[in-house]
Amino acid sequence: MKLKGVKIKLKPNESQKNQIDTNINLRRFVKNQLLNMQQTRYRNGGNYTSKFGMIYCLKALKIEFPFLRQAESTCLEYACADLDQSYQRFFKNQNDSPKFESRKRPHNSYKSKCINNNIQVVDNHAIKLPKLGTVKAYGLNRINGRIKSVVVHKDSAGIYTATIQVEHEPVELPKTNKQVGLDLGLADLVIQSDGFKLKNKKFERSLAKKRHAWERKLARRRLQAKKKIEAAKKSGVELEWSSFKNVEKARKMVAKINRKIANQREDYLQKYTTQLVKEFDLIVMEDLKTKNLMKNKRLSRSIADSSWAKIKTMLQYKCDWYGKELILVAPQYTSQNCSSCGKNTGKKPLHIREFTCPHCGVHHDRDVNAGINILNKAFA
């Protein structure tokens, strides 16, 4: 059995929205309290408290802070698990030490466990969630299998979504006895060894002007609101929330544009990677270190919009589901070596897209040649 995440859109009523916000805020509160405890123990020479020790501390926290009983209980347990995971990564030198979550920049989601059917699909238009009851939802027809947990998320545009983790038994796709090498690029997003090139639609740049216009409006309105607040403090007048509705409107518009960019990119890559897994039994791609490439100031924006890491992640779990194989190879010299004779032809600037091998005389498309070399590396 494999685990699969199904994302759905929620339409909660006002009381359900308040409960979701309460769960999110109390999850943050518990995580910060436990982080403070861990840091205090370390300063006093104590040992690290494990995940189960932190979960046991929840009893004392609920006695000290009775308002914690308003939250869904398993979401507080997952707060302990998240903090423990952050510490385990810190102990392995994989990231920095955990930091306190701010109210201004909160992590707007929480996770709940399925216990005694407290999470279940009522029909195609409603789902039962712990502490929320029956919530209207869209996309429930895609949930087939035993539900394990749910992550409820509220984005910056005020839209509520849920990711349902379900068990499912994937069916292996029929074998095609084909293999392909993938070269990742910027002008074309993916170049296959068979010559096919996936167009880079640059979703971020297509909406850049509209987003920039609303970002400027947001900056101006925030500045005007700041001046109003300062003037009101001097005069002793209390301002109503209606005075800042235009600020909230601009902020939501920027968030909606960012959400649209992310959704367009996600849909584009999902369709392409699914088609790849259906057509090929073996997929070979270069294991690029995107973090290092982002240091190039001229290309960082284009690299971020390309989402190369997302392509790798999608192919990894889809190949695992459907019985296909993904191999990651080192990207060194894939653009320099000739795919015909195997000799190094030297470095080339980015504007040179085609070249002729000085050793064997074969003319190559630079990116297709790299794709063939990537495929050949898997058999070396």
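Computed from the coordinates by the stated procedures, all read-outs in this text should not be read as laboratory data. The structure displayed is predicted, hence computed values, not measured ones. So basically every Cβ, Gly included, is an ideal-geometry build from the backbone, and we count neighbours across all protein chains shown.
Run through the DSSP bridge list for the chain and note the antiparallel percent, rounded to the nearest 5. So the antiparallel bridges amount to about 80 percent of the total.
Here Rg/Rh (Cα atoms, Kirkwood Rh) was computed from the coordinates, and among (1) 0.94; (2) 1.03; (3) 0.97 the match is (2). The ranking of SER302, SER102 from fewest to most other beta carbons within 10 Å of each one's beta carbon is SER102, SER302.
By DSSP, what percent of the beta bridges with both residues in segment 2-168 are antiparallel, rounded to the nearest 5? If we restrict to bridges inside segment 2-168, about 100 percent are antiparallel.
Only four residue types carry charge here, +1 at the Cβ of Lys and Arg and -1 at the Cβ of Asp and Glu. Report the dipole size of segment 2-168 about the Cα centre in Debye, rounded to the nearest 20.
Charge dipole, segment 2-168, about its Cα centre: 200 debye, nearest 20.
Absence of a disulfide-compatible partner, taken as no other cysteine beta carbon within less than 4.7 angstrom, is noted in the chain for CYS57, CYS75, CYS80, CYS114, CYS319. Placing a label point 7 Å from the Cα of ASN118 along the Cα-to-Cβ direction, the residues of segment 149-186 whose backbone N falls under 14 Å from that point are 149-152. Each peptide in 362-368, 104-110, 31-37, 290-296 gets a packing score, the mean of other Cβ atoms within 10 Å over its residues, and the list from highest to lowest is 31-37, 362-368, 104-110, 290-296. Using +1 at the C-beta of Lys and Arg and -1 at the C-beta of Asp and Glu, which of GLN19, ALA81, GLY185 has the Cα lying farthest in the positive direction of the dipole of the chain? Towards the positive end, the residue furthest out is GLN19. Averaging the Cα positions of each part gives two centres, and for segment 169-206 and segment 237-288 these lie 20 Å apart. Ranking of PHE90, PHE355 by neighbouring Cβ atoms within 10 Å, starting from the fewest: PHE90, PHE355.
In the elastic network of the chain, a GNM with C-alpha springs shorter than 10 Å, the most mobile of SER243, SER149, SER335 is SER243. For LYS62, a cut-off of 18 angstrom between C-alpha atoms picks up these lysines, skipping any fewer than 8 places away in its own chain: LYS31, LYS51, LYS131. As a proxy for reagent exposure, VAL237, VAL135 were ordered by neighbouring Cβ count within 10 angstrom, fewest first; the result is VAL237, VAL135.
For the chain, a Gaussian network of Cα nodes joined below 10 Å ranks ASN44, ASN177, ASN25 by mean-square fluctuation, and the top entry is ASN44. Placing R0 at 30 angstrom, the Cβ-Cβ distance between LYS234 and ASP96 gives a FRET efficiency of 0.10 after rounding to 0.05. Note on the chain: dipole from Cβ charges, positive end direction compared against ALA378, ASN246, LEU173; the farthest Cα belongs to ASN246.
For the chain, averaging the sequence separation of C-alpha pairs within contact (under 8 Å, six or more residues apart) and dividing by the residue count gives a relative contact order of 16 percent.
Taking K and R as +1 and D and E as -1, what net charge do the other residues with C-beta under 14 Å from the C-beta of GLY145 add up to? In short, +3.
Compared with the dominant principal axis of the Cα atoms in the chain, helix 245-279 is inclined by about 40°.
Between LEU207 and ASP267, the FRET efficiency from the beta-carbon distance, with R0 = 22 Å, is close to 0.90.
If both residues of a DSSP beta bridge must be in segment 242-379, then about 45% of such bridges are antiparallel. Considering the dipole of the chain built from charges on the beta carbon (Lys and Arg +1, Asp and Glu -1) around the Cα centre, which of ASN124, GLN38, GLY346 is farthest to its positive end? After comparing all options, I get GLN38.
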